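Participant: Dumping the structure here so I can ask a few things about it.
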Amino acid sequence: MIVCEDIDCIRAFIKSQKDKAAGLVPTMGYLHEGHMSLVDKAKELSDVVIVSIFVNPKQFGPNEDFNRYPRDLEKDKNLLISRGVDVLFVPSLGVMYDKDFSSKVIIEGISNILEGAFRPGHFDGVCTVVSKLFNIVKPQRAFFGEKDYQQLKIIQKMVKDLNFDIEIIPVPIKREQDGLAMSSRNVYLDDISRHRASSIYSSLLKAKKQFENGLTCVKTLTNIVKNNLDVDSIDYIKIVDKDTLEEKTTASKYDRILIAVRISGVRFIDNIEL
Ligand code: AMP
């Protein structure tokens with residue numbers, strides 16, 4: 001696996017590949033099997049696979065966990081080598097953001113609801129860094145997890161709005177055995193909180209089951225989720241249209257339940273398709 005720390009390196013590699021289809025998997029590292037399912041999908045659909053690792057300060061709020069976000073580059077490298085990744089792009093802060101950097105990519109509307117309402121500016125940071133990665137790597141396809149469902153929808157909209165010539169491939173959520181969605185942040189949890197966190201997925205499943213039994217009232221379905229959670233606080237539980245993310249009052253097939261909760265100071269997001 002080639003490791004590139006600067007833009008010339010990655011561009012030289014891409015140029016050397018001529019017409020081969022490049023697949024990009026953007027990550028913030030501390031990789032787990034959720035990330036690896038993106039890598040595996042990228043391997044399946046691409047001639048060369050590039051994974052980026054960059055903990056992007058622009059998508060963290062002032063009171064968020066940028067400084068303590070978990071990092072283990074050596075472990076990540078070994079995992080990527082074992083999965084046959086061709087290139088790891090791991091730029092420093094200075095490589096991504098020059099001292100005079102002053103641009104921002106904003107996808108209006110959809111970035112301000114749900115996660116965006118609780119994390120102002122988060123998606124502007126995501127869209128800015130992903131645009132840069134797209135321009136640096138110029139992949140044919142890029143792979144994003146449904147774990148971050150709103151992010152996936154915003155990136156798809158960004159690609160459409162701004163005419164990036166890139167196909168966005170969504171990858172389903174990879175879960176632990178008890179259903180908790182895999183996340184780099186799960187390491188923050190002690191055993192008790194870790195156990196409580198499994199109520200997130202089980203409560204989503206309960207609502208989905210009721211929907212499959214014919215219940216379509218959003219208020220009732222959301223209450224089912226709420227009543228089965230073992231969490232400290234709920235930021236939101238919403239049932240939304242799968243593409244526009246507009247809130248529904250009556251649920252239909254393929255709508256998504258999106259949820260954000262907190263347990264012992266750790267924030268979790270998850271979602272499920274109805
Ligand atoms: P992150 O490193 O958290 O920024 O995530 C990088 C990419 O991996 C994003 O597209 C995420 O949606 C995706 N991802 C993270 N966790 C999972 C998971 N459990 N299942 C599927 N995709 C995931």
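The values are calculated or read from the model by the stated rules, or taken from the named source; none is laboratory data. No experiment lies behind these values; they were computed from the predicted model shown. Every residue, glycine as well, gets a Cβ built from its backbone with ideal geometry; the counts of neighbours run over all protein chains shown. Just the protein is used for accessible areas: all its heavy atoms, side chains included, with ligands, DNA and RNA removed. Shrake-Rupley method; radii C 1.70, N 1.55, O 1.52, S 1.80 Å.
Participant: Taking the convex hull of the Cα atoms, report for the chain its projected area averaged over all directions, in nm².
Facilitator: Over every viewing direction, the Cα hull of the chain projects on average to 14.5 nm².
Participant: Pick from ARG119, ARG262, ARG68: which is most flexible by mean-square fluctuation in a GNM of the chain where alpha carbon atoms under 10 Å apart are linked?
Facilitator: Its mean-square fluctuation being the largest, the pick is ARG68.
Participant: A follow-up question, please. Could you provide, to the nearest whole Å², the per residue accessible area of the chain with probe 1.4 Å?
Facilitator: On a per-residue basis, 49 Å².
Participant: Kindly flag which residue pairs out of LYS15/LYS41; LYS75/LYS104; LYS75/LYS157; LYS41/LYS253 have an alpha-carbon separation exceeding 29 Å in this structure.
Facilitator: Table pairs above 29 Å Cα-Cα are LYS75/LYS104; LYS75/LYS157.
Participant: Tell me which residues come under 5 Å, amide H to amide H, from PHE89 once H is placed; ignore anything under 5 positions away on its chain.
Facilitator: It is CYS4, VAL51, SER52, ILE53, by chain and number.
Participant: With a 1.4 Å probe and every protein chain kept in, tell me what percent of the accessible surface of the chain is carbon plus sulfur.
Facilitator: Summing carbon and sulfur atoms, their accessible area is 48 percent of the total for the chain.
Participant: Using the crude model of +1 on Lys and Arg Cβ and -1 on Asp and Glu Cβ, and no other charge, please compute the dipole size for the chain relative to its Cα centre, in debye to 20.
Facilitator: It works out to roughly 320 debye.
Participant: Could I ask something else about it? Calculate the FRET efficiency for GLU108 and ASN63 from the Cβ-Cβ distance with a Förster distance of 22 Å, rounded to the nearest 0.05.
Facilitator: The value I calculate is 0.35.
Participant: Cysteines without a disulfide-compatible partner in the chain, using Cβ under 4.7 Å as the rule?
Facilitator: CYS127, CYS217
Participant: Further question on the same structure: What net charge is computed for the residues neighbouring VAL3, neighbours being all others with C-beta under 12 Å from the C-beta of VAL3, Lys and Arg scored +1, Asp and Glu -1?
Facilitator: Charge balance near VAL3 sits at -4.
Participant: Could you grab the relative contact order for the chain? Cα pairs under 8 Å, six or more apart, rounded to a whole percent.
Facilitator: RCO, the chain: 17 percent.
Participant: Given the options ASP76, ASP47, ASP191, which has the most mean-square fluctuation in a GNM of the chain, springs set between C-alpha atoms less than 10 angstrom apart?
Facilitator: ASP191
Participant: Just in region 1-45: which trypsin sites (Lys or Arg not before Pro) are loop by DSSP and have at most 13 other Cβ atoms within 10 Å?
Facilitator: LYS18, LYS20
Participant: Also: Restricting to DSSP H runs of at least four residues, report the calculated mean residue ellipticity at 222 nm for the chain, -39500 (n - 2.57) per run over all residues, nearest 500 deg cm²/dmol.
Facilitator: Result for the chain, helices only: -11500 deg cm²/dmol.
Participant: Separation of region 214-235 and region 244-273 by C-alpha centroid, Å?
Facilitator: 10 Å
Participant: So, one more: Report the Stokes-Einstein translational diffusion coefficient (µm² s⁻¹, integer) for region 44-171, Rh taken as the Kirkwood radius over Cα pairs, at 4 °C with viscosity 1.567 mPa s.
Facilitator: Diffusion coefficient, whole number: 82 µm²/s.
Participant: Average the reciprocal distances over every distinct pair of alpha-carbons in region 112-221, invert the result, and give the Kirkwood radius in Å.
Facilitator: 16.5 Å
Participant: Per residue of region 138-155, in order, report the coupling 6.51 cos²θ - 1.76 cosθ + 1.60 (Karplus, θ = phi - 60°) as ³J(HN,Hα) in whole Hz, putting x for Gly and Pro.
Facilitator: Each residue of region 138-155 in turn: 6, x, 7, 9, 10, 10, 10, x, 6, 3, 9, 5, 5, 4, 4, 5, 5, 5 Hz.
Participant: Let me ask something else about it. Can you give me the Kirkwood hydrodynamic radius for region 1-103, using every pair of distinct Cα atoms, in Å to one decimal?
Facilitator: 14.6 Å
Participant: Return the long-range amide H neighbours of ASP235 (sequence gap of 5 or more, or a different chain), with a cut-off of under 5 Å between placed amide H atoms.
Facilitator: Under 5 Å from the amide H of ASP235 lie the amide H atoms of ALA260, VAL261, ARG262, each far enough along the sequence or on another chain.
Participant: Also, I was wondering about something else. Where Lys and Arg each count +1 and Asp and Glu each count -1, what net charge lies around ARG262 among other residues with Cβ under 9 Å from its Cβ?
Facilitator: -1
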